[in-house]
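Data first, discussion second: the structure below is written as structure tokens.
A short reminder: the numbers here are calculations on the coordinates, not readings from a lab. Just so it is clear, the model here is predicted, and its values are computed rather than measured. Reconstructed Cβ throughout: ideal geometry from the backbone, glycine too, with neighbour counts over all protein chains shown.
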Amino acid sequence: MIWNEKYECMDNKSKKGLHLRRLKKIVKFVYENVSFYKKRFDDVGVKPEDIQELKDIEKLPFTSKTDLREAYPFAMFAVDDDEIIEIHTSSGTTGKPTVSGYTEKDINIWAEIISRSITMAGGGNKDIIQNCYGYGLFTGGFGVHYGGIKVGATVIPISAGNTKRQIEVMVDFKSTILTCTPSYALYLSEFLEKEGYSSKDINLKAGLFGAEMWTEEMRKDLENRFNIHALNIYGLTEIMGPGIAQECLVKDGLHISEDHFYPEIIDPDTLEVLEDGEKGELVLTTITREGMPIIRFRTHDLTSLNREKCECGRTTVRMSRITGRTDDMLKIRGVMIFPSQIERALLKIDGLTPNYQIVVTREGNLDEVEIKVETTPKVFSDKIKELEELENKIAKHIHKEINLRVNVRLVEPNTLPRSEGKAVRVTDERNLN
Ligand code: DLL
């Protein structure tokens, strides 16, 4: 099932035509309506008329998170304040949050792209969506809500937290689709087990998991625990929220709704645009948004693009699973490592759970990495010697897989903190400034 065949199955030529028309229009629109963009374009000497072919997008300057912060709260809006009907913000853990404003048309587009996401997961009007993304300024809750309503599903707006209640609702209301972060899904599955339920007692068929990095290994784990299709949903506040890209049941990359968002991949150091298939930083341009159109936003998320037609029949460009962010990369004793590489290596070992934490410290001039990871109850041993042997075995395995020497500390099941939203996996205690 495809939600919107017209736009999800376009041939290449029509797609390029659509992109160029929409790009020209949005560039003119921001030039005339957002003083930030007028100044930016004037500074580099580009006028809207200079966009004659798609490649001309490369003439336009990038927009960064700092630019959006400086525009706090509303200076990036392209329409009068009274046309803005909803506002969301990023979590803003460092500094001011970035604000995202939506007109009615923008909210309709958001509902449209999430309708596509739900359809990609095999969902429709018969489904009961347990939406545990947070409702509020975070985009997760409302975004999924609008899409769920548009496909005619029943949405349970339970939001994040109160895990006991989540389990009750999942069992009693027979939820069929679960939407939350992958780390919270893991916690929910543990809680289910603790309450004495198995996957047979629930009615879930799919999960739309996103808002944080996760791996194929984690997918397998979640699919086994719930007996569902665990699918990846991607998005970010600055561009719109969840639903910018979504995996279908083929599970081979996330389809970008490219009739609304134009993606590019750049080398984060040279800022050059890379070829399809090459891995780099995702840059997104909103080509239909009214309230707060964004030109060439540097997401800092690392991925690559694949334009081949998918087995599902959709022709939309697919991005690979995000493997990290340019600012997530850890440099340890000179070696570049992403937390996702550690997660993948860990989850290849039987008896470990995806509950882990990476702690980086510096002793003298030497970086040390400790990985705390929970074992399954069966594996956890009271015998110190046995535990130590296992820890050494895991450390050797990680060294072999990713060439990084680490100290492993196995901890008892259910002792690391759980998260209801985005999990914090890394604590970097080095003072690197
Ligand atoms: O996390 C929007 C969202 C809500 C996406 C619900 C999916 C589901 P922000 O809080 O602005 O928005 O965070 C955006 O989260 O730049 C990525 O680094 C990360 N992220 C989002 N989805 C994924 C994913 C929402 N599927 C930032 N895989 C992005 C990896 C993701 N990272």
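What ranking, highest mean first, results for peptides 200-212, 28-40 when packing means the other Cβ atoms within 10 Å averaged over each residue?
Descending mean neighbour count gives 200-212, 28-40.
Could you tell me the calculated FRET efficiency between N108 and L249, based on Cβ-Cβ distance and R0 = 22 angstrom, to the nearest 0.05?
Efficiency computed from Cβ-Cβ geometry: 0.25.
Going by a ≥ b ≥ c, the root eigenvalues of the Cα gyration tensor, does segment 297-407 fall in the rounded group (a/c under 1.5), the prolate group (a/b larger than b/c) or the oblate group?
oblate
For H229, what residues show an amide H to amide H distance below 5 Å, using hydrogens built from the backbone and excluding near sequence neighbours?
Result for H229 returns A206, G207.
Working out 0.36 nm times the residue gap between N203 and D350, then minus their Cα-Cα distance, what length gain in nm do you get to one decimal?
That pair, N203 and D350, stretches by 50.2 nm at full extension.
Tell me, what is the percent relative contact order of segment 140-227, built from C-alpha pairs under 8 Å that lie six or more residues apart?
30
If we sort 299-305, 11-17, 189-195 on the protection proxy, mean other Cβ atoms within 10 Å, highest first, what's the order?
Descending mean neighbour count gives 299-305, 189-195, 11-17.
Quick one: helix 384-402 against the long Cα principal axis of the chain, what's the angle to the nearest 10°, folded into 0 to 90?
The helix 384-402 is inclined about 30 degrees to the chain.
Considering amide H positions built from the backbone, and no H for Pro or chain starts, which residues 5 or more places from G241, or on another chain, come under 5 Å of its amide H?
L236
Assign unit charges at the C-beta atoms only (+1 for Lys and Arg, -1 for Asp and Glu), then state the dipole size of segment 222-327 relative to its Cα centre in Debye, rounded to the nearest 20.
With only Lys, Arg, Asp and Glu charged at Cβ, the dipole is about 400 debye.
Work out the FRET efficiency for K378 and N407 from their Cβ-Cβ distance, taking R0 = 22 Å, and round it to the nearest 0.05.
Computed FRET efficiency for K378 and N407: 0.40.
Residues with beta-carbon under 13 Å from that of N403, excluding N403: net charge, scoring Lys, Arg +1 and Asp, Glu -1?
Around N403, the charge tally is +3.
Across segment 330-428, how many lysine pairs, 8 or more apart or on two chains, come within less than 27 Å at their alpha-carbon atoms?
So the count of such lysine pairs works out to 29.
How high is the relative contact order of the chain, in percent, counting Cα pairs under 8 Å that sit 6 or more residues apart?
14
What are the ³J(HN,Hα) values, in whole Hz, obtained from phi via the Karplus relation 6.51 cos²θ - 1.76 cosθ + 1.60 with θ = phi - 60°, for each residue of segment 309-316 in sequence order, with x given for Gly and Pro?
5, 7, 4, 6, x, 6, 10, 4
Hey, can you rank 68-81, 340-353 by average C-beta count inside 10 Å, highest first?
Averaged packing, sorted descending, gives the order 340-353, 68-81.
In whole Hz, what ³J(HN,Hα) sequence does segment 8-16 give by Karplus (6.51, -1.76, 1.60; θ = phi - 60°), x for Gly and Pro?
8, 10, 5, 6, 4, 5, 5, 5, 4
To the nearest Å, what is the center-to-center distance of segment 183-260 and segment 361-433, using C-alpha atoms only?
The two parts, judged by their Cα centres, are 25 Å apart.
When the C-alpha atoms of the chain are aligned to their principal axes, what extent does each axis show, in angstrom, from largest down?
Answer, in whole Å and largest first: 73, 56, 39 Å.
Per residue of segment 67-78, what does 6.51 cos²θ - 1.76 cosθ + 1.60 with θ = phi - 60° give for ³J(HN,Hα)? Whole Hz please, x for Gly and Pro, Karplus curve as stated.
Per-residue couplings from phi come out as 4, 5, 5, 5, 8, 4, x, 10, 5, 8, 5, 9 Hz.
So for the chain, taking the charge dipole from beta-carbon charges (+1 Lys/Arg, -1 Asp/Glu), which of L387, P73, N431 sits furthest toward the positive end?
Of L387, P73, N431, it is L387.
If r is the Cβ-Cβ distance from N414 to L274 and R0 is 45 Å, what FRET efficiency results, to the nearest 0.05?
That gives a FRET efficiency of 0.55.
Treat every Asp and Glu Cβ in segment 1-327 as -1 and every Lys and Arg Cβ as +1, leave all other atoms uncharged, and give the resulting dipole magnitude about the Cα centre to the nearest 20 debye.
For segment 1-327, the charge dipole is close to 520 debye.
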